[in-house]
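Before any comments, here is the structure.
The values are calculated or read from the model by the stated rules, or taken from the named source; none is laboratory data. Worth saying up front: this structure is predicted, and the values here are computed from it rather than measured. Using ideal geometry, Cβ is built from the backbone for each residue, glycine included, and neighbour counts are taken over all protein chains shown.
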Amino acid sequence: MSTRPELKTLRNLEAAFAGESMAHIKYRYFAKLARAAGDAETARIFEETADQEVQHAFGHLDLLYPAAEMTPARALRIAIDGETYEYSEMYPGFRRTAEAEGNAAAIAEIDEQIAESRAHAARFAATLAKAAKRFAALAKVEERHANHYREALARIDA
C-alpha cells in the first residue's frame, strides 16, 4: 500500500519548516559569533538571511496550519501536544542516549529542556483553561442580552 501523495507533501512541508527554522536559529547564532569577533558586516548578512528563513518557515506554516482553520484554542492544543511530546518522549529518549554515552553536559541541557517543556505545556494549558472560562462567561452575557432582546420584542409584538 503506497502513501497518499498529499501525506508525503505534508511530511515534506514539515521537514522544510524544520529546516528553515533550524537555519534561522543557526544563522542568528552565527551572527552572534561574528559580532563577538568584531565582524559586524558578516553578522548583518547572517541576520538578514535569518529573517528571510523565518518568512520561508511562515510560508510552510501557512500550508500546514491554514489561518481559516486555526483558532487560538486550536493553536494552544497543538502547542500543548508538542510540549508534552518533548518532555514525555523526545527529551527522555535523548537523555537515555546521553547517559549511555556518558555526556554529562548533554544530560544537564536535556534536563533543563524537560523542565522548560513541562512548564511551557502547563502555561499553555492554563491559558487554554482561562480562555475557556472567558468564553463561557461571554456566552452567559450574550445569552442574557439575547433574552433581554426577546423580551423587548415580545412586548413590542403584544
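Cβ-Cβ below 9 Å, separation at least six or inter-chain, first residue in region 86-104 and free of Cβ contacts under 8 Å to residues at least 60 places away in the same chain, second among the hydroxyl-bearing types (S, T, Y) and assigned to a helix (DSSP H, G or I): which pairs?
These pairs meet every condition: E86/S117; Y87/S117; S88/S117; M90/S117; Y91/S117; N103/T97.
Can you confirm whether region 12-26 contains a residue that is within 13 Å of the chain's Cα centre (by Cα) and more than 22 Å from Q113 (Cβ to Cβ)?
No, the conditions are met nowhere in region 12-26.
Take region 71-97 and flag every residue that is over 30 Å from F135 (Cα atoms) and either among the hydrophobic types (A, V, I, L, M, F, W, C) or outside any helix (DSSP H, G or I) (or both).
M90, F94
For residues that are within 24 Å of A121 (Cβ to Cβ) and surrounded by 15 or more Cβ atoms within 10 Å (Cβ to Cβ), tally how many sit in region 56-69.
The total comes to 3.
Here is a yes/no grid of residues against (1) of a type in the set (D, E, K, R); (2) touching a strand residue (DSSP E or B) at 6+ places or on another chain (Cβ under 6 Å); (3) within 28 Å of Y65 (Cβ to Cβ):
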{"position": "I80", "(1), (2), (3)": "no, no, yes"}
{"position": "E86", "(1), (2), (3)": "yes, no, yes"}
{"position": "N103", "(1), (2), (3)": "no, no, no"}
{"position": "K130", "(1), (2), (3)": "yes, no, yes"}
{"position": "H148", "(1), (2), (3)": "no, no, no"}
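Restricted to region 117-152, and to residues that are loosely packed, with under 14 Cβ neighbours inside 10 Å and either among the basic types (K, R) or not in a helix (DSSP H, G or I) (or both), which residue is modelled with the lowest pLDDT?
K140
From the residues in region 68-94 that are over 14 Å from the mean Cα position of the chain (by Cα) and over 12 Å from S117 (Cβ atoms), which one is modelled with the highest pLDDT?
Pass one, region 68-94, residues over 14 Å from the mean Cα position of the chain (by Cα): 68-69, 87-94.
Within this subset, residues satisfying the condition of being over 12 Å from S117 (Cβ atoms) are 68-69, 93.
Numbers: A68: 94, E69: 93, G93: 98.
By that ranking, first place goes to G93.
Would you call D62 over 27 Å from K8 (Cα atoms), within 21 Å of the chain's Cα centre (by Cα) and assigned to a helix (DSSP H, G or I)?
no
Of the residues E48, E6, E53, only one is exposed (fewer than 11 other Cβ atoms within 10 Å of the Cβ), charged (D, E, K, R) and in a helix (DSSP H, G or I); which? It would help to see each step written out before you state the result.
Numbers: E48 fails: exposed (fewer than 11 other Cβ atoms within 10 Å of the Cβ); E53 fails: exposed (fewer than 11 other Cβ atoms within 10 Å of the Cβ).
Exactly one of E48, E6, E53 is exposed (fewer than 11 other Cβ atoms within 10 Å of the Cβ), charged (D, E, K, R) and in a helix (DSSP H, G or I), namely E6.
Can you confirm whether region 98-109 contains a residue that is of a type in the set (D, E, K, R), in a helix (DSSP H, G or I), under 25 Å from F17 (Cβ atoms) and at pLDDT below 95? Show your work before the answer.
Pass one, region 98-109, residues of a type in the set (D, E, K, R): 99, 101, 109.
This time we only want the ones that are in a helix (DSSP H, G or I), so: 99, 101, 109.
Then drop every residue that is not under 25 Å from F17 (Cβ atoms), which leaves 109.
Next, only the ones that are at pLDDT below 95 stay: none.
No; the residues of region 98-109 include none that is of a type in the set (D, E, K, R), in a helix (DSSP H, G or I), under 25 Å from F17 (Cβ atoms) and at pLDDT below 95.
Starting from residues that are small (G, A, S) and in contact with a helix residue (DSSP H, G or I) (Cβ under 7 Å, 6 or more places away or on another chain), keep the ones in region 70-116 and report whichever is surrounded by the most Cβ atoms within 10 Å (Cβ to Cβ).
My answer is A98.
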